[in-house]
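*Asks:* Sharing a structure, written as structure tokens. Questions coming.
The numbers here are math on the coordinates, done by the rules we state, and not lab data. As the structure is a computational prediction, the values presented were derived from the model and not from experiment. Neighbour counts run over all protein chains shown; Cβ positions are idealised from the backbone, glycine included.
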Amino acid sequence: MTFSVFDWIVQPYLHSHGSSYGLFMNLKDSFLESFPTIAFIMTAALPGCFAATIYSITINFFIYRFFALQRWGHLIHPIADQGDCGSSWAVSTTGISSDRLSIISEGRINASLSSQQLLSCNQHRQKGCEGGYLDRAWWYIRKLGVVGDHCYPYVSGQSREPGHCLIPKRDYTDRRGLRCPSGSPDSTAFKMTPPYKVSSREEDIQTELMTNGPVQATFVVHEDFFMYAGGVYQHSDLAAEKGAAAVAEGYHSVRVLG
């Protein structure tokens with residue numbers, strides 16, 4: 001994510017000398033690169049003035065470059081491969097949950113949550129490998145919780161099917177506890193607090209990401225997206241020129257890291 005270079009403005013409130021100053025700096029590769037907006041006041045008594053002149057120094061800037069992995073390191077989990085299954089709704093939800101749990105616990109909880117459990121067990125009014133609703137995914141992980149990948153590994157990328165739920169709801173109230181499909185003895189289930197929305201303003205998304213960690217986003221995938229190679233994606237009308245049969249679109253959910 002690329003932000004703008006900041007401006008540093010020194011402006012006297014009492015124009016005893018009628019002066020103002022401007023200084024423009026590039027934050028790239030500097031220690032300030034990872035700090036949010038800064039504002040402070042400096043007072044100064046100048047010789048020959050009737051009274052002390054009050055100066056306001058305000059530093060307003062957006063970070064030139066930010067990447068969650070650089071700030072939080074191993075607390076940010078690897079990119080998951082959803083394979084040949086439209087499970088981005090499950091993969092992004094568990095990915096965000098894993099990162100946020102690690103960050104808020106300062107690494108004490110550093111589990112990679114199971115997208116397979118969410119995909120296989122959260123099937124009420126969901127479409128499995130054909131897509132799903134994020135609000136229902138968050139409801140499941142908030143109410144019941146999901147285990148780690150080591151307990152319930154991801155297989156739908158190869159099978160192309162959501163599969164049968166191997167940790168049914170009744171197991172959550174079973175005195176014997178949850179049992180891992182993988183056979184792992186660690187069947188700890190993790191819950192999340194209710195999700196919240198961030199406004200669509202770029203600055204608000206940037207602030208949320210830098211303050212609390214990766215965010216979840218959805219976007220419309222057009223047929224020409226599969227030709228995307230880099231830079232800022234711009235949708236073209238090439239497919240439309242070939243006729244309605246060549247036009248297609250769908251939704252995709254992602255984890256934004258920077």
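*Asks:* When R201 is evaluated against the numbered criteria (1) more than 24 Å from I141 (Cβ to Cβ); (2) of a type outside the set (G, A, S); (3) surrounded by 11 or more Cβ atoms within 10 Å (Cβ to Cβ), which criterion, by number, is the only one it fails?
*Replies:* (3)
So that you can scan it fast, the table gives a plain yes or no per residue for (1) within 14 Å of the chain's Cα centre (by Cα); (2) outside any helix (DSSP H, G or I); (3) hydroxyl-bearing (S, T, Y); (4) at negative phi:
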residue	(1), (2), (3), (4)
H74	no, no, no, yes
S92	yes, no, yes, yes
Q116	no, no, no, yes
H124	no, yes, no, yes
G132	no, yes, no, yes
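*Asks:* While we're on this one: Scan region 218-235 and tell me whether some residue there is among the aliphatic types (A, V, I, L, M), under 22 Å from I79 (Cα atoms) and within 14 Å of the chain's Cα centre (by Cα).
*Replies:* The answer is no; no qualifying residue exists.
*Asks:* Turning to a different aspect of this structure: Among R160, R142, which is over 24 Å from A217 (Cβ atoms) and surrounded by fewer than 17 Cβ atoms within 10 Å (Cβ to Cβ)?
*Replies:* After ruling out the rest, the residue left standing is R160.
*Asks:* Provide a single number: the residues in region 96-114 that are within 24 Å of D171 (Cβ to Cβ), in contact (Cβ under 8 Å) with a residue 60 or more places away in the chain and outside any loop (DSSP other than H, G, I, E, B).
*Replies:* Final tally of qualifying residues: 3.
*Asks:* Which members of region 163-178 meet the condition of being touching a Cys at 6+ places or on another chain (Cβ under 9 Å) and surrounded by 13 or more Cβ atoms within 10 Å (Cβ to Cβ)?
*Replies:* Listed by number, the residues that qualify are C165, L166, I167, L178.
*Asks:* Moving on to the next point. Suppose the filter is touching a Ser or Thr at 6+ places or on another chain (Cβ under 9 Å) and either surrounded by 15 or more Cβ atoms within 10 Å (Cβ to Cβ) or aromatic (F, W, Y) (or both); does G213 pass it?
*Replies:* yes
*Asks:* Of the residues D237, D224, D186, which is part of a helix (DSSP H, G or I) and either of a type in the set (D, E) or farther than 28 Å from E106 by Cα (or both)?
*Replies:* Selected residue: D224, the only one of D237, D224, D186 that is part of a helix (DSSP H, G or I) and either of a type in the set (D, E) or farther than 28 Å from E106 by Cα (or both).
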